[in-house]
Amino acid sequence: MQKRPVSIAVLNHKGGVGKTATVAGLASGLKQINPKFKILIVDADEQANIKTIFGIKLRDSEGSLASILVDNADPNKCVINVREGIDVILSGGRKLRDFNIKMANFPRAEEFMRDRFKNIENYDFILLDCPPALSLISSNVALYANYVLIPTAPDLLSIVATKATVTFLDELESLFGHAAQVLGAVPTMHDTRRNMDLDILDDLERLADSGLLKSGKCFSEVRTDAKFKTAQVRRKLIHEIFPKSNVAKDYTRLSEEIIEKIKELENTASSPKLLPKHEQNSELRA
């Protein structure tokens, strides 16, 4: 029997909050927890930063998210293997913009991805890197994914954007009867030496405590670390090159917290069992 993947959209309609970094760091952290995990990264941002991070050449691809959505290409034929157990589907760059324009007037165009990706199953996790806009493609991702993780940079506008992202999900659920569930917000680029960062962290925790993140939580912060940028320049995942760095530890901890949060949500009556069986009833590795 094929596995049902847990799909997590990394979404915030504000740019510069660390969405792509969170996707890469989370992929690295999940593999650190369990090297047997199979992970698919889907780049849903026309800026195509995932391609740059992994050093993917366009000739390595037979298709992209854009060709899946616009031309009905088979997603299984569009995957590119970038690491053992990690595959990528590229965004298609500017062609993805065509989807937002050409398909906007199609009936239920917001659910194209949900239909096209229904046969993608043989992964433990699907991580979706979303664009910095609440667009048609963002709607597609939010209606396809099981969960949403909201990266939040240490500034006031990011807090406002985090609230707007939750409202966006509420509106989709009202219109379509379903939408991705909020896992929570993760403070990114955190510097414990700055009082502002601590204030923003307090604001996020208050959002979670007051229920403004729905059933989501405020995850432990990911600290700012120059080693992460070095890893990107060298086209490496953080655990491959700096496994003992603060940011590597932070992404391992974030991955553990996310798995625990999913377990918590799955224990509610309305949530399907999505986690791989070897994670549903086992303790995470310390």
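Tabulated values for the structure
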| read-out | value |
| --- | --- |
| Test item: Cα-centred dipole of the chain, Lys/Arg +1 and Asp/Glu -1 on Cβ, debye | 920 |
| Value at 222 nm in deg cm²/dmol, rounded to 500, when DSSP H runs of n ≥ 4 in the chain each add -39,500 (n - 2.57) | -12500 deg cm²/dmol |
| Accessible area of the chain belonging to carbon and sulfur atoms, whole % at 1.4 Å probe | 48 |
| Among Phe117, Phe99, Val88 the positive-end extreme of the charge dipole of the stretch 63-124 (Cβ point charges) | Phe99 |
| Cα centroid separation, the stretch 181-200 to the stretch 38-85 (Å) | 30 |
| Most positive-pole-ward Cα, Asn267, Pro243, Leu204, against dipole of the stretch 197-268 from beta carbon charges | Pro243 |
| Proximal lysines to Lys57, defined as alpha-carbon separation beneath 20 angstrom and excluding residues fewer than eight positions away on the same chain | Lys77, Lys95, Lys236 |
| Surface per residue (accessible, 1.4 Å probe) for the chain, Å² | 46 |
| Cα-centre dipole for the stretch 196-271 with unit charges at Cβ (Lys and Arg positive, Asp and Glu negative), debye to 20 | 620 |
| Entry for log10 I(q)/I(0) by the Debye sum over Cα atoms at q = 0.09, 0.14, 0.15, 0.16 Å⁻¹ (calculated from the structure that is shown) out of (1) -0.44, -1.03, -1.17, -1.31; (2) -0.38, -1.00, -1.17, -1.36; (3) -0.57, -1.12, -1.20, -1.28 | (2) |
| Cross-link table Lys19/Lys263; Lys38/Lys163; Lys36/Lys244; Lys36/Lys163, entries beyond 30 Å C-alpha to C-alpha | Lys38/Lys163; Lys36/Lys163 |
| Length added when fully stretched, Leu157-Arg83, from 0.36 nm per residue minus Cα-Cα | 23.1 nm |
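The values are calculated or read from the model by the stated rules, or taken from the named source; none is laboratory data. These figures come from a predicted structure and were not determined experimentally. Neighbour counts are summed over all protein chains in view; Cβ atoms, including those assigned to glycine, are modelled from backbone coordinates with ideal geometry. Protein only, heavy atoms only, side chains kept; ligands, DNA and RNA dropped before computing areas. Shrake-Rupley method; radii C 1.70, N 1.55, O 1.52, S 1.80 Å.
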